[in-house]
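Worksheet: one structure, shown below.
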Amino acid sequence: MLRDNARRFLSETATFERWRRHLDSGAGLDRALWREVAELGWSGAAVPETFGGLGLGPMELCVLAEELGRVLAPLPFIGTASIAVDILSRSPTPEGNALLERIATGDAVIAVAGLDADQPASKLVLRDGRVDGSLGAVAWLEQADYAIVYAGEPDTPSLLLVDLAGAGVERRTLRLIDPLLPHGSLTLTQAATTVLARGAQARELHARARNLGAVLTAFEQIGAADTACALAVAYVKERHAFGRPVGAYQAVKHKLADMAVKTELARSNCYFGAWALVDGPDELDLAAAAARVSAIDALDYAAQECLHLHGGIGYTWEANCHFYYTRARVLASSLGNAALWGERLLHAATAQR
Amino acid sequence: MDFNDTPQEAAFRAEVRDWLSSHANAYRQPLPADITEADFIARARSWQKVKAEAGYAAIRWPRSEGGLDGTPIEEVIFAEEEARYHVPVGPFVTIGTHLAVPTFRVHATTEQVARFTRPTLYGDLLWCQLFSEPAAGSDLAGLRTRAVRDGDDWVINGQKVWTSWAHVADWGILIARTDPGVAKHKGLSYFVVDMKTPGIEVRRIRQISGESEFNEVFLTDVRIPDANRIGAVGEGWKIAMTTLMNERFSVGGESQDEPQAADLAALLQRAGPAGLPYRLRAAQLLAQEQGLKYFRCRQITALSRGDTPGAIAAMGKLVQSNVMQEMSRIALDVTGTAALACAGDDPAISKFQHGYFWSAALRIAGGTDEILRNQIAERVLGLPGDIRVDKDLPFSQLK
């Protein structure tokens, strides 16, 4: 139901033509689309009903992440509507509650930073209720109203909510390889902050948020890998060489078979990850890491070979291949790269024996 | 889908555990070095019998035919629980239970099904699969073994190869050419043959591992009664496809003797700094193995809803054999020369030595990587088929 509705809406709304127009407009976030998405209830999908959301669970977020990934939607869905909502609803504060209401209506965007590392960013220090330090590439930073950051000392980490309109906040635009996903760097100087969680609770929420982010991003990745594969399949059926469609040659067919296999394996891990988010807390570390590692591999391969199979035209701006090629790289690095998640996977696999 | 047991599945699992704890211990296997092949097979037959008596040998089949009226998920639960005991479950049993009998149940007469089902289920009949030939591997329909009608019999002449366990099998499933005058896929028929029939000579093939599971089988004027033909004359290819579909689905199944990615993870842990360069690749292989496990859960869920396994099921063996080969290579590499001694008494290393050899065979057997990729590309993604210049020519006119 949700999937069908999402797919129908996005197939009409979220098109490559729209992304091109959006890029030409120079706006960082397609506010109109984000508002439409909010009206459908997606920005507040996981927000509890008392704060105006739909109160849905991780399964539904996974469905939406996959569908948004399928059309490469440049929206702050995972950070704002999923991770931030998860953290804010598990660590209630008046500011956080007010923010949940604004997320549900699509009025607030939250940048989430520092989820990749196991330890809080050493350069970000909380002292006497003020935070100092800086962070590198943070997604949706300039478009965000608040940031959630992981800060403090290794033994007492904190999850902090920072009002980005407040004093002592400096933001700088970064030019990213995927122009559809704006990133910025953040410098905080004695910035005011709300402590969402400290110590063990912060660590627990951080680990949960990281795993949630990994599974959702993996869903986004398989959605994108699926469409990259479909795009390549359509092209090789149409394009002829030596008197046959190029898709009739084994060298080409086998690449596409591998693409389908990698995506299917990642999809299976994603489903297990979605299940673990709801029902399998003991297996979540393993499930999230497996989903992450295989989804990075699937989209990397699909995006790379989709371009390659298009031949020279695939390298041009006019073809749509570049949208996948750059998105694949950004998603592979956000939340920590394959090597980092690979370590977590090996660790979880040996810990379970 | 749900990865937890439903209350009904949990009850079945408890029942199975209970049953295994009182029956399986007596069948735990000694190390391969301490047991002869004949002894191993005798043990496997009797373990099969014990399972059959309890209905666990064919969980999905009706009770009237020796099953439990169970679900595919219950079959998986049993296999998972059985794998906790190192009991003898060999391919020489599963060729019969997973390939031959399921094919008969679709294509054979009621009498034939009745004749072979029970003895196969009880381990009294071991089967081999007489399909591949020296010049007919991936292009299986090019096979040359001839079957010529003579009264109530068929007279078979030809040669099969890569026939696993033919040296211990009681019966074989066989495809042979009954009409060379029509296109190659159309002139084949499907038979069952008693391996003790005069004219059958089995020669063992020594493999790269030093073991001999495969054989060459020479058939010289072998007489098969027409009653042992399965399905109509000329329908052999279609029936063989049922067997191969089941084979690809079951070859992808789990085995307790094959190395797992978690074994490799543990090995890398033990290796310390020497293991570092392999860690990311090992994690990717581990993720593939996990993905395959949950892919199978999804397939089984689909099966339990009554769907038939789609062409994407081909991916099971493709991934499994490639993952096993690369994992084994990494495991032997990281262990260095210590892993090269064949009489290693480290069970983890022995598993990877076995995997190093066996994966090379598995990438060929039951459909090569290339054939499986073609299947996925053509049947799942809808890409054009390969050029097959001989497809419509009568077999007798092929070069």
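The values are calculated or read from the model by the stated rules, or taken from the named source; none is laboratory data. Remember, predicted model here, so these are calculated numbers, not experimental data. In this analysis, Cβ positions are derived from the backbone assuming ideal geometry, glycine residues included, and neighbour counts consider all displayed protein chains. What goes into the accessible areas is simple: the full protein's heavy atoms, side chains included, and nothing from ligands, DNA or RNA. Shrake-Rupley method; radii C 1.70, N 1.55, O 1.52, S 1.80 Å.
Just to verify a result, which residue in segment A:123-152, among those that are part of a loop (DSSP other than H, G, I, E, B) and in contact with an Asp or Glu (Cβ under 9 Å, 6 or more places away or on another chain), is modelled with the lowest pLDDT? Here the answer is A:123.
Of everything listed in (1) surrounded by fewer than 22 Cβ atoms within 10 Å (Cβ to Cβ); (2) of a type in the set (Lys, Arg); (3) more than 10 Å from chain A (Cβ to nearest Cβ), the single unmet condition for residue B:293 is (3).
Residue-wise test of (1) within 7 Å of another protein chain (Cβ to nearest Cβ); (2) in contact with a Phe, Trp or Tyr (Cβ under 9 Å, 6 or more places away or on another chain); (3) open to solvent by 30 Å² or more (accessible area, probe 1.4 Å).
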site	(1), (2), (3)
B:277	no, no, yes
B:282	yes, no, no
B:288	yes, no, yes
B:300	no, no, no
B:310	no, no, yes
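Residues that are under 24 Å from the mean Cα position of the chain (by Cα), outside any helix (DSSP H, G or I) and crowded, with 20+ Cβ neighbours inside 10 Å were ranked within segment B:340-393; the one that is farthest from the other protein chains (Cβ to nearest Cβ) is B:366.
Restricting attention to segment A:236-252, and to residues there that are in contact (Cβ under 8 Å) with a residue 24 or more places away in the chain and touching a Gly at 6+ places or on another chain (Cβ under 8 Å), which single residue is farthest from the other protein chains (Cβ to nearest Cβ)? Here the residue is A:239. Considering (1) more than 12 Å from chain A (Cβ to nearest Cβ); (2) assigned to a helix (DSSP H, G or I); (3) open to solvent by less than 40 Å² (accessible area, probe 1.4 Å), the lone condition that residue B:329 does not fulfil carries the number (3).
Of all the numbered requirements in (1) within 22 Å of residue A:252 (Cα to Cα); (2) surrounded by fewer than 24 Cβ atoms within 10 Å (Cβ to Cβ); (3) touching a residue at least 60 places away in the same chain (Cβ under 8 Å), residue A:312 misses one, and that requirement is (3).
Annotation note: of B:149, B:118, the sole residue that is surrounded by fewer than 18 Cβ atoms within 10 Å (Cβ to Cβ) and in a strand (DSSP E or B) is B:149.
Going residue by residue through segment B:55-72, is there one that turns out to be in contact with a Pro (Cβ under 7 Å, 6 or more places away or on another chain) and buried (at least 20 other Cβ atoms within 10 Å of the Cβ)? No: segment B:55-72 contains no residue that is in contact with a Pro (Cβ under 7 Å, 6 or more places away or on another chain) and buried (at least 20 other Cβ atoms within 10 Å of the Cβ). Of all the numbered requirements in (1) within 8 Å of another protein chain (Cβ to nearest Cβ); (2) open to solvent by 50 Å² or more (accessible area, probe 1.4 Å), residue A:255 misses one, and that requirement is (1). For segment A:185-206, the set of residues classified as without any contact (Cβ under 8 Å) to a residue 60 or more places away in the chain and not acidic (Asp, Glu) consists of A:185, A:187, A:189, A:198, A:199, A:200, A:202, A:203, listed by residue number.
Taking each residue of segment A:284-305 that is more than 9 Å from chain B (Cβ to nearest Cβ) and open to solvent by 10 Å² or more (accessible area, probe 1.4 Å) and looking for partners that are in a helix (DSSP H, G or I) and hydroxyl-bearing (Ser, Thr, Tyr) with beta-carbon atoms closer than 8 Å, six or more apart or interchain, yields A:304/A:325.
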